1. If you take the residues of region 92-128 that are hydrophobic (A, V, I, L, M, F, W, C) and at pLDDT 90 or above, which of them is nearest to Q25 (Cα to Cα)?
2. Every residue in region 26-70 that is assigned to a helix (DSSP H, G or I) and either farther than 30 Å from E91 by Cα or in contact (Cβ under 8 Å) with a residue 40 or more places away in the chain (or both), please.
3. Please verify whether region 47-60 includes one or more residues that are within 15 Å of the chain's Cα centre (by Cα) and surrounded by 14 or more Cβ atoms within 10 Å (Cβ to Cβ).
4. Report whether or not E8 is modelled with pLDDT under 95 and in a helix (DSSP H, G or I).
Amino acid sequence: MQGNLPPEAQEKIEELQDLQDSAQQVAAQKQQAESQLTDSQTALDELDEIDTETTMYREVGELLIETEYDEAQDDLEDKVSSLEVRVETLEKQESRVQEQFEELQSELQEMLSGGGGGAGGPGGMGPGGPSAGG
């Protein structure tokens, strides 16, 4: 099917496919960050229910190391905070990629429907017909 398309349209299709790949990667990263955030918030909530004198351990590699309540709470709060920023950043990135995708899709549709030299085409050259000047 793409063999009949003008080279500009083929380029747009390839760009769309690249953007779709980017969108999938960002969505996967966001889902992972949201999952980690939920886990960390749950751990922080559970920490509130524990007596501050309870012996606690932290996983370091494959070892469990004894840790203080305050240190565990501070570390979890820091982790929650950084994950919230990460999720927010990924949401913005996801929106940006979506906007780029929609814009590119619209340009491609205009190109294929014979809309001619719209906003993006430098030179306006291509299979536009007599309106290209002359």
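The values are calculated or read from the model by the stated rules, or taken from the named source; none is laboratory data. This structure is a prediction, so every number in the text was calculated from the model and none was measured. Neighbour counts are summed over all protein chains in view; Cβ atoms, including those assigned to glycine, are modelled from backbone coordinates with ideal geometry.
1. This residue is V97.
2. Result: V26, A27, Q29, K30, A33, E34, Q36, L37, S40, Y69, D70.
3. Within region 47-60, not a single residue is within 15 Å of the chain's Cα centre (by Cα) and surrounded by 14 or more Cβ atoms within 10 Å (Cβ to Cβ).
4. Yes, satisfied.
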